[in-house]
Amino acid sequence: MTKEENLEKMRHSTSHVMAEAVQSLFTGVRFGIGPAIEDGFYYDFELARPLTPEDLPAIENKIREIVDADYPFIREEVDKEEARQLFADQPYKLELIDEFPDNRVTIYKQGSFADLCRGPHVASTSEIKAFKLTHIAGAYWRGDERSPMLQRIYGVAFDSEAELEGYLARQAEAMKRDHRKLGKELDIFSIHEEIGPGLVCWHPRGALIRQIIEDFWKAEHIKRGYDIVYTPHIAKLALWKTSGHWDFYRDYLYSPIEVEGQEYILRPMNCLGHILIYNSQLRSYRDLPLRYAELGTVYRYERTGVLHGMARVRGFTQDDAHIFCRPDQIEAEVAGVLKLAQLMMSTFGFNDYELLLSTRPERYVGSIQMWDEATDSLATVLEKLELPYDLDPGEGVFYGPKIDIKLRDALGHAWQGPTIQVDFNLPERFDVCYIGDDGAEHPVVMIHRTVLGSMERFVACLTEHYGGVFPVWLSPLQVVIIPIADRHVDYAQQIKNELEEEAIRSRVDERAERMSWKIREAQLQKIPYMLIVGDKEVESSNVSLRLRSGEDVGMRSLLQVKSLIKAVIEARAQTALEGESI
RNA sequence: GCCCGAGUGGCGCAAUGGUAGCGCAACCGACUUGUAAUCGGUAGGCUAGCGGGUUCGAAUCCCCUCUCGGGCUCCA
């Protein structure tokens, strides 16, 4: 058994011990399930009263008692009838028993607690080493929102106190990278109750980061034969009925706006405008592929509980494009998009991401043959490009299979970023076709795709990925010039002017503060370069360079510093100085 | 949407039934400074809601609404 499997076993056993602790502290407990998860475990309970965080220490103490008592875990096999009697007052367990295919079920007992469980478990409770209950949450029985909501206690468990401490320290570090916290500290964005939940205001610094990304994005798309288009943010409801969105996603649309007796809605997607542009004239097979790209803002009425800073919002800008192509062009186009997505990921420092191929869901349109062909071609491209991916069965969109790239935030949550989706639905509904070399009409294949995701989510992930320490080319402010005394302000200003000529973003901190105070503030703002100027520098026409890593590079000529910074920006380097860690 | 928790000056926090305090920031003044916090002073909130209730009295207790956080569900 590997170390990881042992750890998982121990975590699972800890959840049983926690259940025993809860059983002894509360009356009338009904038990749900309690598996091991990444880093720890949870158990779901139905209790007479709501749990509060204050309950956790008592439960932890009880767990320790059970651990110290060193109860063995005993495995027993019983038939279903016996199991039903054992768990006669446990409706959730009875439900599980009914669903087991075999007549024999296994039970694990430790101390005064018995649970229906496949196992395996540790030999004895004393094998549980370092654990901590972390939080409580509501969770639907079996993850179904029509089922009762149980109370879940989450915990973490490790082989040693040192590993537990290490984990908790990493969590604390990760919380510092939270884009919602950094967004405030670094003045990147805000969300206002007065405007509405999930609607983002981009502050000048955030907007600058976004502009830089968008400029890069546009240039790379134009290079690859995309045409930039703009389409309206609202459209007649009838259009969304034709597309099928009204039927499938009505609950996620903002309510219609009535004007002149016509109903309009805020667009939840950009594709329809692109389709109408395509359909504005007859297209020949020679015209294809056509690639329409738009940084298109869309609005979706996301349920209140799911909103999360800039990462999950109600109004967001997709870096969208729709490729209209012939069936024989699918593979080449998908490959092109994947390569572009890879370029985006590597340019922005995401070297660790997951690729998922999602296949036909239960509710779908089109023929199974179309689905199979499209899914195969997506898989073929992934294999040709030697990209490792996981299958996500049944997770495709109703209109076609897709490839998703998932990015992780500081706390390890995966967010969908780039996505490539084949669409069989819209070409049919809108009669999107081309004239082939046979002179006949053929349906086009439409590919929806983003290579970043949305600007909001991407900047959120980017902020967490870098912990706010953006690479120089993305840093809103690249240089702070710090005059030591008032008499150095003119010289500092002169330097700023020279940096401006090179389009380096700088500011002179001319406040009547001490140098060390100005350095502290520049550090906290994670500004890549600090240029300190005092008598020595003025006299020798130099600057003293300090990096946000804390390194004092020393006195250099302005020319040297300028060319260093320029080179770092042009290379879109991940670090502020070659060989530096930031 | 569901369960639990929270909402105090720009920001971070204190005050759990008796007339709201602290730090940072802001503003004013002094200091003119050598690599992460110079000193002094001033102003600023009636405590999410021009919501309802309990009480002699509410930031503090109860109800409603809104927003945020942790999860669940969802995420075209």
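The values are calculated or read from the model by the stated rules, or taken from the named source; none is laboratory data. Note that the structure is predicted; figures quoted are calculated from it, not measured. For accessibility, only protein heavy atoms count, side chains too; no ligands or nucleic acids. Shrake-Rupley method; radii C 1.70, N 1.55, O 1.52, S 1.80 Å.
A few points about this structure:
- Share of carbon and sulfur in the accessible heavy-atom surface of chain A [1.4 Å probe, %]: 49
- What the pair-distance distribution of chain A shows, using all Cα-Cα distances binned every 10 Å from zero, is 3, 13, 19, 19, 19, 15, 8, 2, 0, 0 percent.
- Taking every alpha-carbon pair under 8 Å whose residues sit at least 6 apart, region A:319-438 reaches a relative contact order of 27 percent.
- Debye-formula intensities of region A:472-570, expressed as log10 I(q)/I(0) at q = 0.15, 0.16 Å⁻¹, are -0.50, -0.58 (one equal scatterer per alpha-carbon, no solvent).
- Probe 1.4 Å, all protein chains present, accessible-area order of A:254, A:226, largest first: A:254, A:226
- Principal semi-axes in Å for region A:405-449 [√(5λ), Cα gyration tensor, largest first]: 37, 9, 5
- Using equal-weight Cα scatterers in the Debye expression, the normalised intensity of region A:386-471 in log10 at q = 0.18, 0.19, 0.21, 0.22 Å⁻¹ is -0.88, -0.93, -1.03, -1.07.
- Contact order relative to length of chain A, as percent, for alpha carbon pairs under 8 angstrom and 6 or more apart: 10
- Within the full protein context, the accessible area of residue A:408 is estimated at about 120 Å² for a probe radius of 1.4 Å.
- Looking at chain A, the accessible area is 48 square angstrom per residue; that uses a 1.4 Å probe and ignores ligands, DNA and RNA.
- Rounded to two decimals, the Cα radius of gyration of region A:96-151 over 2.2 N^0.38 Å is 1.49.
- Computed with a 1.4 Å probe over protein heavy atoms only, the accessible area of residue A:313 comes to about 10 Å².
- Chain A: calculated mean residue ellipticity at 222 nm from DSSP helix runs of at least 4, using -39500 (n - 2.57): -11000 deg cm²/dmol
- Diffusion of region A:360-404 by Stokes-Einstein, at 20 °C in a medium of 1.002 mPa s and with Rh set to the Kirkwood radius over alpha-carbon pairs, works out to 197 µm²/s.
- Sorting A:301, A:154 by accessible area puts them as A:301, A:154; the probe is 1.4 Å, largest comes first, and only protein heavy atoms count.
- Checking the cross-link pairs A:236/A:406; A:384/A:406; A:181/A:536; A:109/A:129 against a 31 Å limit on the alpha carbon distance flags A:236/A:406; A:181/A:536 as lying beyond it.
- Geometric extent, Cα atoms of region A:3-171 - Rg, Dmax (angstrom): 15.5, 48
- Rolling a 1.4 Å probe over the protein chains gives residue A:216 an accessible area of about 10 Å².
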